[in-house]
Amino acid sequence: GNSVTQMEGPVTLSEEAFLTINCTYTATGYPSLFWYVQYPGEGLQLLLKATKADDKGSNKGFEATYRKETTSFHLEKGSVQVSDSAVYFCALKAYNTDKLIFGTGTRLQVFP
Amino acid sequence: EPEVTQTPSHQVTQMGQEVILRCVPISNHLYFYWYRQILGQKVEFLVSFYNNEISEKSEIFDDQFSVERPDGSNFTLKIRSTKLEDSAMYFCASSEAGGTYEQYFGPGTRLTVT
């Protein structure tokens, strides 16, 4: 079945460090891929998405590239800020469904 | 900016009791969803709802669960007889359309079954 695997957290970084959160997926067909972010006390917010292979989603300095050959969608940011501290969820949606399938989430903690 | 709202933010109930979780989706959205997250586990899909009927549901969404859109603005999840294992954060979401349209999530209702 379809599934998403994310790296375990927490990820602890100093401000301005480079961030990578790994995400790989298993899916039949060509899913759409998403990164959601959850700030403390809030709901899930879409951070970025990619709907086909080699697409790059980007938003607020975050980027992720849909890599079909490695079935990956790793999240990167060149210079994190304290305000980026949150839980990040990788998710997929298969072509024939409306449901999102989420990874376990990765908590990011950024210290000044 | 329009947002999805959920009430209550926290609900405590006794095992066997019925509970109704309420959501107000974004007003021009046509697709509605419920997800849940048991503490420390993944966010899991429960059900999607379109055109006044369930369009998809997961294995979790058994006969104890039901959804309703009682009027033009609310979308509810009812659990008829709660179990301890129903304790979780429940998220409502809505989207303008299906496919790759963004699902907008509410802040969640934390349900605690004692």
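Odds and ends about this structure:
- Residue within region A:63-76 that is among the polar types (S, T, N, Q), touching a residue at least 24 places away in the same chain (Cβ under 8 Å) and within 14 Å of chain B (Cβ to nearest Cβ) present: no
- So B:TYR35, is it within 11 Å of chain A (Cβ to nearest Cβ), in contact (Cβ under 8 Å) with a residue 12 or more places away in the chain, open to solvent by less than 10 Å² (accessible area, probe 1.4 Å) and of a type in the set (Ser, Thr, Tyr): yes
- Elements of type strands (runs of 3 or more DSSP E) contained in chain A, each with 3 or more residues being among the aromatic types (Phe, Trp, Tyr): A:32-38
- Residue ID - nearest to the other protein chains (Cβ to nearest Cβ), chosen from residues in region B:58-78 that are closer than 30 Å to A:GLY9 by Cβ and within 14 Å of the chain's Cα centre (by Cα): B:SER58
- Only one of the listed residues (A:GLU16, A:GLU8) is under 14 Å from the mean Cα position of the chain (by Cα), loosely packed, with under 13 Cβ neighbours inside 10 Å and among the acidic types (Asp, Glu). That residue is A:GLU8.
- Residue in region B:79-114 that is most open to solvent (accessible area, probe 1.4 Å), counting only those that are in a loop (DSSP other than H, G, I, E, B), of a type in the set (Ser, Thr, Tyr) and within 14 Å of chain A (Cβ to nearest Cβ): B:TYR101
- Residue within region B:48-57 that is closer than 29 Å to A:ARG107 by Cβ, more than 10 Å from chain A (Cβ to nearest Cβ) and free of Cβ contacts under 8 Å to residues at least 12 places away in the same chain present: no
The values are calculated or read from the model by the stated rules, or taken from the named source; none is laboratory data. On a predicted model such as this, the values are computed, not experimentally measured, just so you know. Virtual Cβ from ideal backbone geometry, glycine too; neighbours counted across all protein chains shown. For the accessible areas, the whole protein counts, side chains as well, though only heavy atoms, and no ligand, DNA or RNA atoms are used. Shrake-Rupley method; radii C 1.70, N 1.55, O 1.52, S 1.80 Å.
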